[in-house]
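Undergrad: Here you go, one structure.
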Amino acid sequence: MIAVTGASGNVGRPLVEALAIAGEKVTAVSRSPLPHELPEGARHVRADLADPATLGPALDGADALFLLLAGELLGGGAPAVEVLAAAREAGVRRVVLLSSQINGTRPDALSHGRLREFEEAVRSSGLGWTILRPGGFASNAYAWSESVRTRRAVSAPFADVALPVVDPADIAAVAAVALRDEGHFGQTYELTGPAPVTPREQAAALSEALGEQVGFVELTREQAREHMARFMPEPVIEGTLGILGEPLPAEQRVSPDIERVLGRPAGSFAGWARRNAHAFA
């Protein structure tokens, strides 16, 4: 049995599906009811990583755990050691943690202190572990869905700064392999797309996927800050603007890890846009 936390999200949902297709029994774990039906071989259990006492039923019978920290848990909640202790007590033998590329490129970033805590706890947990450090998600483009649907326009800062955003389905595919194959124990994988892509190029990919012109409006840094302040705390805003506007060479570099693990190239943003065009139509 494999337990998948964050099962309703952009990584958790395809991960549950991939594991079920592979013939695994899966427990899809989330704090709220799932907004979609589960594939055959999967069950849903509600639990909250912020309260390890709730994890017992979710981990019952599980020997592997996919660990994803929700936004609220990143700001506080139960210590990492308590979450991992609950996993060990339930009989979990291996854990795959979804972390962030930033922990490798900007190890002192204030916004990622919680993920650093979990990385350290996972490494010292005594469990077989694998850490995934993805770069920016292609699915962050969902933030543009309303403006594309209503105005056929994308607004974003740093129009021509390119980053190799990663398809969440590829993150899920790597996680599925690591959860099933002990050969990935002790590995930290950096996950990126196959090529850097700019926000302007992402808008063009959405145009192609929709078969209609999607315009691009470049925001100033201050305009972007004002928009982000509606849903991000200040340290996260500064960190995000720094990555988007002044990425380090390591953040623009394409990692070979997805191809090494999966035996195929990473998926492109254009491919992600074609699969998800319905969200922008």
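Undergrad: When the residues of the stretch 252-271 are filtered to those that are touching a Ser or Thr at 6+ places or on another chain (Cβ under 8 Å) and within 14 Å of LEU163 (Cβ to Cβ), which remaining residue is surrounded by the most Cβ atoms within 10 Å (Cβ to Cβ)?
TA: Taking the candidates together, the pick is ALA266.
Undergrad: Just the residues that are within 17 Å of LEU179 (Cβ to Cβ) and in a loop (DSSP other than H, G, I, E, B), please, taken from the stretch 17-37.
TA: Initial filter on the stretch 17-37 (within 17 Å of LEU179 (Cβ to Cβ)): 17-29.
Matches in the stretch 17-37: ALA22, GLY23, GLU24, LYS25.
Undergrad: Only one of ALA229, ALA169, ALA209, ALA205 is among the aliphatic types (A, V, I, L, M) and either closer than 30 Å to ALA62 by Cβ or touching a strand residue (DSSP E or B) at 6+ places or on another chain (Cβ under 7 Å) (or both). Can you tell me which?
TA: ALA169
Undergrad: Next question. Only one of (1) assigned to a helix (DSSP H, G or I); (2) open to solvent by less than 50 Å² (accessible area, probe 1.4 Å); (3) at pLDDT 90 or above fails for ALA62. Which number is that?
TA: Condition (1) is where ALA62 drops out.
Undergrad: Now for a separate question. Output the residues belonging to the stretch 187-225 that are in contact with a Phe, Trp or Tyr (Cβ under 7 Å, 6 or more places away or on another chain) and free of Cβ contacts under 8 Å to residues at least 60 places away in the same chain.
TA: Passing the criteria: PRO199, ARG200, ALA203.
Undergrad: For a quick check of your reading of the model, give me the residue pairs whose first member lies in the stretch 22-46 and is among the acidic types (Asp, Glu), whose second is part of a loop (DSSP other than H, G, I, E, B), with beta-carbon atoms closer than 8 Å and at least 6 apart or on different chains.
TA: Between residues of the stretch 22-46 that are among the acidic types (Asp, Glu) and residues that are part of a loop (DSSP other than H, G, I, E, B), the close pairs are GLU24/MET1; GLU24/GLY41.
Undergrad: Evaluate the following for LEU55: is it in a loop (DSSP other than H, G, I, E, B), out of contact with any Gly (no Cβ under 8 Å at 6 or more places or on another chain) and among the aliphatic types (A, V, I, L, M)?
TA: Values: in a loop (DSSP other than H, G, I, E, B): no; out of contact with any Gly (no Cβ under 8 Å at 6 or more places or on another chain): yes; among the aliphatic types (A, V, I, L, M): yes.
Against the criterion (in a loop (DSSP other than H, G, I, E, B), out of contact with any Gly (no Cβ under 8 Å at 6 or more places or on another chain) and among the aliphatic types (A, V, I, L, M)), LEU55 does not qualify.
Undergrad: Also, I was wondering about something else. Inspect all residues belonging to the stretch 3-15 and state whether any of them is among the hydroxyl-bearing types (Ser, Thr, Tyr), over 22 Å from ILE171 (Cα atoms) and either at pLDDT below 95 or crowded, with 23+ Cβ neighbours inside 10 Å (or both). Working first, answer last.
TA: Step one: list which residues in the stretch 3-15 are among the hydroxyl-bearing types (Ser, Thr, Tyr), which gives 5, 8.
Add one more test, that the residue is over 22 Å from ILE171 (Cα atoms), and what stays is none.
Among the residues of the stretch 3-15, not one is among the hydroxyl-bearing types (Ser, Thr, Tyr), over 22 Å from ILE171 (Cα atoms) and either at pLDDT below 95 or crowded, with 23+ Cβ neighbours inside 10 Å (or both), which makes the answer no.
Undergrad: From (1) β-branched (Val, Ile, Thr); (2) free of Cβ contacts under 8 Å to residues at least 24 places away in the same chain; (3) within 30 Å of ALA50 (Cα to Cα), pick out the condition that doesn't hold for VAL177.
TA: Every listed condition holds for VAL177 apart from (2).
The values are calculated or read from the model by the stated rules, or taken from the named source; none is laboratory data. The model shown is predicted, which means the values in this text are computed figures rather than measured ones. Glycine gets a Cβ as well: all are built from the backbone with ideal geometry, and neighbour counts include every protein chain shown. Protein only, heavy atoms only, side chains kept; ligands, DNA and RNA dropped before computing areas. Shrake-Rupley method; radii C 1.70, N 1.55, O 1.52, S 1.80 Å.
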